[in-house]
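So the structure is just underneath, and the comments pick up after that.
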Amino acid sequence: MDSRSQILTKIKANKPEPMDLLHIDPSIFDEGLDVVPAFTKTLEAVGGNVCPIDSMEAVHSKLKTLLPNARFTHSTLENTHEINTFSFDAIERPHDLEDLDILMVKSDLAVAENGAVWIDDSKFPIRVLPFITKHLVFVIEEKAIVPYMHQAYEKIRDFNFGVFISGPSKTADIEQALVIGAQGALSLTVLLLTADTTP
Amino acid sequence: MSHPKLANIFNEDEKKVDWHDKALWFVRHKRDLSAHKVKGWETLREFGHQIKAHTLANLDQYLIEFEKNALSNGIEVHWATNAEEHNKIVHRILKECQAKKVVKSKSMLTEECHLNPFLEERGIEVIDTDLGERIVQLAKESPSHIVLPAIHKNRHEVDDLFQQHLNTKPCNGDPQYLTQKARKHLREKFINADAAITGVNFAIAETGGFVVCTNEGNADMGAHLAPVHIACMGMEKLIPKQDHLGVFLRLLARSATGQPITTYSSHFKTPAKGLKMHIVIVDNGRSEQLGKPDFRASLHCIRCGACMNTCPIYRRSGGHSYNYTIPGPIGSILSPGKDLKKHSSLPFASTLCGSCSDVCPVKIDIHSQLYKWRQIITKEMKQPMLKRKSMKIMGSLFSNPTQFNRFAKFCRWALRNLPKSILYAKPNVWGKSRELPKGPKMSFTEWHQNRENTKRMKNNG
Ligand code: SF4
């Protein structure tokens with residue numbers, strides 16, 4: 001018998017009586033979160049920055065003031081060509097991205113309870129981008145924020161690779177001292193497009 | 001060596017033990033603050049428990065569903081009955097793609113299978129990329145905690161290690177500087193890796209995808225840069241539906257470190273264009289444990305480490321004293337199932353206070369399982385003379401109230417009157433580094449009776 005059948009046979013013999021799968025009604029966790037302030041507060045607590053902006057046009061200038069010394073930058077948003085200092089077509093191997101200073105990505109889903117922002121690879125062409133970049137900038141509309149993870153998963157359907165990112169990369173592996181900037185991004189900024197100007 | 005002996009070694013450095021104890025208690029405290037902020041936390045734990053129990057009851061079906069979906073996503077699926085087969089499969093994949101340099105993110109499973117030495121003996125370089133794991137790898141040690149692998153090392157030890165291996169300058173243990181240097185060192189490893197190995201936090205039957213959680217971003221740096229990604233999972237990592245991640249991702253990081261979620265929760269479903277992705281599903285004793293009704297709930301574990309952080313024994317004896325890949329309370333109920341004789345001292349490394357069960361995000365009855373293992377071990381294995389005899393005597397004492405009262409009276413007198421040399425003599429292990437209480441004149445029963453009598457007299461008078 002091959003290993004697969006061996007394992008499956010043994011499980012079949014040893015598993016307990018079947019039991020029903022419970023139905024989860026996420027409304028029992030609802031405490032009426034005010035999602036925008038809750039998202040902002042949580043993201044700041046995990047080391048991220050939140051900057052409200054009132055129009056897409058403000059993205060560019062905001063970026064310049066936030067990270068003035070960036071040289072190698074890329075945005076995957078529409079109408080932000082002036083930000084891009086190179087084209088992805090010129091990248092032969094993902095390794096060539098090692099010097100990337102800023103990556104800017106639009107996200108359509110963020111979670112208030114934990115400051116996490118969801119992006120999947122329909123938003124960025126090379127999977128390593130959000131991890132290898134030194135600084136990560138998300139552009140999010142206020143209406144994209146949901147209260148809890150349960151609501152987030154209701155929205156996540158088709159993707160090949162996707163990730164929730166909550167704050168910059170970090171570690172506390174040396175004597176429990178928190179250090180921001182481990183193997184991934186050194187900083188994370190969310191440009192939050194305020195509701196009344198959302199098209 | 002038994003747990004008490006190894007714990008003694010850890011306790012030689014009293015200052016370090018104090019630090020270790022406090023540091024972990026602080027993590028436990030952060031867990032409390034974070035959990036208490038969530039409305040319905042207890043319900044969430046109950047959901048976690050139920051989903052896992054349901055999955056185990058249909059594990060074969062869900063594994064088949066998972067395999068089918070993973071295959072149609074373009075992932076290659078492998079099955080390993082034990083550690084050796086797992087290692088051979090990984091080695092075969094690496095050989096096929098001529099990989100010489102491998103980066104690995106945290107995976108307790110590959111530790112359990114001793115994958116690193118297996119690959120190294122066959123000429124493959126394996127670099128652990130989680131900072132804590134890299135530290136213990138450089139020190140040629142094993143992780144002492146499943147979430148905080150280097151919690152037993154202080155900053156100066158890390159400083160020395162890095163000077164020796166990474167050519168850093170002496171920095172008086174500056175964590176910022178050391179982390180920066182590690183980042184540079186690991187970047188180079190990521191860029192040059194031929195293959196990446198990761199663990200799996202959750203595998204989803206419904207989608208054939210899997211989720212890996214890290215704070216450092218090391219799993220993603222490895223998996224997306226290397227041409228081949230091998231994900232190794234214990235078969236109990238399965239959950240039925242993607243929606244269930246909503247429950248588990250809310251529980252995991254809060255229980256582990258008090259964070260609302262890990263920095264990265266990466267959802268892998270298909271390999272990137274032109275790259276290869278493999279999943280190795282490992283049994284290695286799990287199906288055996290599944291067949292033990294008293295102990296199967298130990299397979300619910302999501303490896304958050306909360307039971308370690310809260311355990312008064314773990315905090316004061318250190319992870320290495322358990323001499324098992326998974327230390328602490330959960331390790332003490334998993335390990336006897338694998339080798340009862342070798343790990344027979346572990347279920348006794350507990351006060352049975354139940355704190356582990358209280359914090360466990362998937363509500364494993366850890367302390368009752370510890371108690372059940374004790375019963376099995378005492379029956380099946382010869383206990384030390386002194387313990388056997390004293391247990392017998394205690395047994396007969398406790399079963400006879402008159403005798404017990406007489407004995408207790410003697411003990412109270414002895415605690416007040418006998419010289420220290422006798423009270424703290426060697427056979428009395430309770431007197432070791434402990435101050436014995438001053439024996440009270442009355443027993444609790446006597447005190448209570450007196451009080452009732454006085455009350456009655458007052459009422460009558
Ligand atoms: S047994 Fe429970 S508390 Fe301990 S590591 Fe596993 S999930 Fe966490």
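Would you point out which residue out of A:63, A:77 is in a loop (DSSP other than H, G, I, E, B) and over 26 Å from residue B:275 (Cβ atoms)?
Working: A:63 fails: in a loop (DSSP other than H, G, I, E, B).
Criteria check complete, one pass: A:77.
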**Asked** Could you give every pair whose Cβ atoms fall below 8 Å, whose first residue belongs to the range A:2-15 and is under 21 Å from residue B:296 (Cβ atoms) and modelled with pLDDT of 95 or more, and whose second residue is open to solvent by 80 Å² or more (accessible area, probe 1.4 Å) and part of a loop (DSSP other than H, G, I, E, B), counting only separations of at least 6 or pairs across chains?
**Response** A:9/A:1
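So that you can scan it fast, the table gives a plain yes or no per residue for (1) open to solvent by less than 30 Å² (accessible area, probe 1.4 Å); (2) assigned to a helix (DSSP H, G or I); (3) under 30 Å from residue B:145 (Cβ atoms):
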| position | (1), (2), (3) |
| --- | --- |
| B:44 | yes, yes, yes |
| B:70 | yes, yes, no |
| B:78 | yes, no, yes |
| B:86 | yes, yes, yes |
| B:92 | no, yes, no |
**Request:** From B:274, B:291, grab the single residue that is at pLDDT below 95 and either open to solvent by 10 Å² or more (accessible area, probe 1.4 Å) or more than 8 Å from every other protein chain (Cβ to nearest Cβ) (or both).
**Result:** B:274
**Those residues of the range B:301-318 which are within 9 Å of the ligand (Cβ to nearest atom) and surrounded by fewer than 22 Cβ atoms within 10 Å (Cβ to Cβ), in sequence order** = B:303
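For every residue, the table says whether it meets (1) over 30 Å from residue B:306 (Cβ atoms); (2) in contact (Cβ under 8 Å) with a residue 24 or more places away in the chain; (3) in a helix (DSSP H, G or I).
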| residue | (1), (2), (3) |
| --- | --- |
| B:372 | no, yes, yes |
| B:392 | yes, no, yes |
| B:404 | yes, no, yes |
| B:407 | yes, no, yes |
| B:410 | yes, no, yes |
| B:413 | yes, yes, yes |
| B:421 | yes, no, yes |
| B:438 | yes, no, no |
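Given the criteria open to solvent by 20 Å² or more (accessible area, probe 1.4 Å), touching a His at 6+ places or on another chain (Cβ under 7 Å), within 10 Å of another protein chain (Cβ to nearest Cβ) and not in a strand (DSSP E or B), does residue A:21 qualify?
On the way: open to solvent by 20 Å² or more (accessible area, probe 1.4 Å): yes; touching a His at 6+ places or on another chain (Cβ under 7 Å): yes; within 10 Å of another protein chain (Cβ to nearest Cβ): yes; not in a strand (DSSP E or B): yes.
It is true that residue A:21 is open to solvent by 20 Å² or more (accessible area, probe 1.4 Å), touching a His at 6+ places or on another chain (Cβ under 7 Å), within 10 Å of another protein chain (Cβ to nearest Cβ) and not in a strand (DSSP E or B).
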**Request:** Give me a count of the residues in the range A:24-36 that are touching a residue at least 60 places away in the same chain (Cβ under 8 Å) and open to solvent by less than 70 Å² (accessible area, probe 1.4 Å).
**Result:** 6
**Request:** For residue B:266, work out the one condition from (1) within 13 Å of the ligand (Cβ to nearest atom); (2) buried (at least 23 other Cβ atoms within 10 Å of the Cβ); (3) not aliphatic (A, V, I, L, M) it doesn't fulfil.
**Result:** (1)
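Determine whether the range B:371-392 contains at least one residue that is away from the ligand (no atom under 16 Å from the Cβ) and crowded, with 20+ Cβ neighbours inside 10 Å. Lay out the reasoning, then the answer.
Restricting attention to the range B:371-392, the residues satisfying the condition of being away from the ligand (no atom under 16 Å from the Cβ) are B:374-392.
Subsequent filtering for residues that are crowded, with 20+ Cβ neighbours inside 10 Å retains none.
Scanning the range B:371-392 turns up no residue that is away from the ligand (no atom under 16 Å from the Cβ) and crowded, with 20+ Cβ neighbours inside 10 Å.
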**Prompt:** Across the range A:153-172, what is the number of residues that are more than 7 Å from chain B (Cβ to nearest Cβ) and of a type in the set (Gly, Ala, Ser)?
**Reply:** 1
**Asked** Quick one: is residue A:39 out of contact with any helix residue (DSSP H, G or I) (no Cβ under 8 Å at 6 or more places or on another chain), in contact (Cβ under 8 Å) with a residue 60 or more places away in the chain and within 12 Å of chain B (Cβ to nearest Cβ)?
**Response** yes
**Request:** Considering every residue within the range B:38-54, establish whether at least one is without any contact (Cβ under 8 Å) to a residue 12 or more places away in the chain, closer than 30 Å to residue A:177 by Cβ, more than 8 Å from every other protein chain (Cβ to nearest Cβ) and among the charged types (D, E, K, R).
**Result:** no
**Complete:** Across (1) within 17 Å of residue B:1 (Cβ to Cβ); (2) free of Cβ contacts under 8 Å to residues at least 24 places away in the same chain, residue B:319 clears everything bar (2)
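Got a sec? Which helices (runs of 4 or more DSSP H) wholly within the range B:135-249 have at least 3 residues that are open to solvent by 10 Å² or more (accessible area, probe 1.4 Å) and more than 10 Å from chain A (Cβ to nearest Cβ)? Lay out the reasoning, then the answer.
Values: elements: B:155-166, B:175-192, B:218-225.
Correct list: B:155-166, B:175-192.
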**Item:** Output for the range B:319-370, where each listed residue is open to solvent by 20 Å² or more (accessible area, probe 1.4 Å), more than 15 Å from the ligand (Cβ to nearest atom) and either within 15 Å of the chain's Cα centre (by Cα) or of a type in the set (A, V, I, L, M) (or both)
**Value:** B:320, B:323, B:340, B:352
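The values are calculated or read from the model by the stated rules, or taken from the named source; none is laboratory data. Keep in mind the model is a prediction, meaning the values are calculated, not measured. All Cβ positions, even for glycine, are placed from backbone atoms using ideal geometry, and neighbour counts span all protein chains on display. Ligands, DNA and RNA are excluded from the accessible area calculation, which covers all protein heavy atoms including side chains. Shrake-Rupley method; radii C 1.70, N 1.55, O 1.52, S 1.80 Å.
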